[in-house]
Amino acid sequence: MGFLARLFNKLKGPSSSPAEQSIHVTKDAVWVYLKCDRCGEKLALRLRKSSEIQREEAGKQDYQMFINKTVIGNECFNRMQLRLEFDGMYRVVNKWLQNGAFISKNEYESGA
């Protein structure tokens, strides 16, 4: 694949629709769709851009913003540890989830 083709694909973003993604960015929030490993509960987590997502102040990382969050559902007390790292346009650079799994918006809506 040539340089221009790779650049175009990177600028174009992911090929799947927002409903098929586990992280969806809106004007004022970032939505994350999760599933608990213990009980299977499906969760939709809304993270406000204005107050919950922090800026990386050191400037020595490959991301500009991040969030660390402990998520607990309603059906069990399993603690899911979530970390998301974003660039300046709120595109996900890295994502981690312990004790849970990322699911798509479609999967969340079909079983919620």
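Does K42 meet the test of being touching a Cys at 6+ places or on another chain (Cβ under 9 Å) and either more than 24 Å from S110 (Cβ to Cβ) or basic (K, R) (or both)?
Details: touching a Cys at 6+ places or on another chain (Cβ under 9 Å): yes; either more than 24 Å from S110 (Cβ to Cβ) or basic (K, R) (or both): yes.
Criteria met by K42.
Can you tell me which residue in the range 56-112 is surrounded by the fewest Cβ atoms within 10 Å (Cβ to Cβ), limited to those that are of a type in the set (F, W, Y) and not in a strand (DSSP E or B)? First the steps, then the outcome.
Our first condition is that a residue be of a type in the set (F, W, Y); within the range 56-112, this holds for 63, 66, 77, 86, 90, 96, 102, 108.
Adding the requirement that they be not in a strand (DSSP E or B) leaves 63, 77, 90, 108.
On the way: Y63: 16, F77: 9, Y90: 16, Y108: 18.
Checking each candidate, the answer is F77.
Please state which one of A58, A112, A101 is modelled with pLDDT of 95 or more, farther than 15 Å from R46 by Cα and small (G, A, S). Working first, answer last.
Working: A58 fails: modelled with pLDDT of 95 or more; A112 fails: modelled with pLDDT of 95 or more.
Only one candidate qualifies: A101.
Would you mention how many residues in the range 24-49 are closer than 12 Å to Y90 by Cα and either among the small types (G, A, S) or in a loop (DSSP other than H, G, I, E, B) (or both)? Let's see the steps before the verdict.
Of the residues in the range 24-49, the ones closer than 12 Å to Y90 by Cα are 24-31, 47-49.
Of the ones still in play, those that are also either among the small types (G, A, S) or in a loop (DSSP other than H, G, I, E, B) (or both) are 26-29, 49.
Of the residues in the range 24-49, 5 are closer than 12 Å to Y90 by Cα and either among the small types (G, A, S) or in a loop (DSSP other than H, G, I, E, B) (or both).
Does E52 satisfy the criteria of being more than 18 Å from S110 (Cα to Cα), among the acidic types (D, E), under 15 Å from the mean Cα position of the chain (by Cα) and surrounded by 11 or more Cβ atoms within 10 Å (Cβ to Cβ)? Even if it seems obvious, please write down each step before you answer.
On the way: more than 18 Å from S110 (Cα to Cα): yes; among the acidic types (D, E): yes; under 15 Å from the mean Cα position of the chain (by Cα): yes; surrounded by 11 or more Cβ atoms within 10 Å (Cβ to Cβ): yes.
Yes.
Taking the range 71-89 only, how many residues are more than 13 Å from C36 (Cβ to Cβ) and either touching a His at 6+ places or on another chain (Cβ under 7 Å) or not small (G, A, S) (or both)?
6
If you take the residues in the range 18-39 that are surrounded by fewer than 16 Cβ atoms within 10 Å (Cβ to Cβ) and touching a Gly at 6+ places or on another chain (Cβ under 9 Å), which one is farthest from W96 (Cα to Cα)?
Restricting attention to the range 18-39, the residues satisfying the condition of being surrounded by fewer than 16 Cβ atoms within 10 Å (Cβ to Cβ) are 18-20, 26-28, 37-39.
From what's left, touching a Gly at 6+ places or on another chain (Cβ under 9 Å): 37-39.
Numbers: D37: 14, R38: 17, C39: 19 Å.
Looking at the filtered set, the residue picked out is C39.
The values are calculated or read from the model by the stated rules, or taken from the named source; none is laboratory data. Predicted model, so just to flag it, every value in this text is computed and none were measured. As a convention, Cβ positions derive from the backbone with ideal geometry for all residues, glycine included, and neighbour counts pool all protein chains shown.
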